[in-house]
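To start, the structure itself, in structure tokens.
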Amino acid sequence: MSLGLKRGAVKVVNYDLLWPQMFKEEKKILTAALGERLLEVEHVGSTSIAGLAAKPIIDMIGAVDSFDHLDYFIEQLQKLGYEYMPNRMFDNRKFFPKGDQSKRTHHLNLVIKNDPEQWNNIILFRNYLRQNSLARDQYAKLKQELACKYADDRYAYSKAKNDFIQRSLSAALH
């Protein structure tokens, strides 16, 4: 299985044992390019959870101290093939996709280290699914159903998963 999915499309594929290695390779590239300003990089999303079907895109969050050096990040990430999308720059995260719009391969969100929503909750959800096979299997089933229903609407697909994610976060905290 190779990486890549058209921007906005939804397609869930079987887990690929190569995804963790693909993340490690990309992490090395990001760390070398961004240096000390990139505090940490985590593999998140479904490709980071062994056995879970996923969209074939490596999702990552990169921790930074602040967004004061956003121009630096934009410049360096563009050199690596990441796209700067001004309309996807939010107060609490900065989104950079990699790959042509016809085949996105990586998603990187730069976030403030330990931001409760964009760092802590993302990692908590990932770890919960890694440790809870029942929840992982329920999530896989939901993702497959939603991928069929919203094959051309990534926004609706993501929104429809939100209740499950919130219930999982609540369970993980208790």
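Read the figures in this text as sums done on the coordinates, not as results from a lab. Quick caveat, the model's predicted, so the values are computed rather than measured. All Cβ positions, even for glycine, are placed from backbone atoms using ideal geometry, and neighbour counts span all protein chains on display.
General observations
- Residue match in segment 44-53 (condition: over 21 Å from GLN144 (Cα atoms) and not β-branched (Val, Ile, Thr)): no
- Near pairs, Cβ below 6 angstrom, 6+ apart or cross-chain, from segment 145-174 (in contact (Cβ under 8 Å) with a residue 24 or more places away in the chain) to any residue that is β-branched (Val, Ile, Thr) and assigned to a loop (DSSP other than H, G, I, E, B): ALA147/VAL10; ALA147/VAL12; TYR150/VAL10; ALA151/VAL10; ARG154/VAL10; TYR157/VAL10
- Filtered residue count, segment 44-84, keeping only those that are surrounded by 13 or more Cβ atoms within 10 Å (Cβ to Cβ), at negative phi and without any contact (Cβ under 8 Å) to a residue 24 or more places away in the chain: 3
- Residue count, segment 49-72 (criterion: in contact with a Pro (Cβ under 9 Å, 6 or more places away or on another chain) and among the small types (Gly, Ala, Ser)): 1
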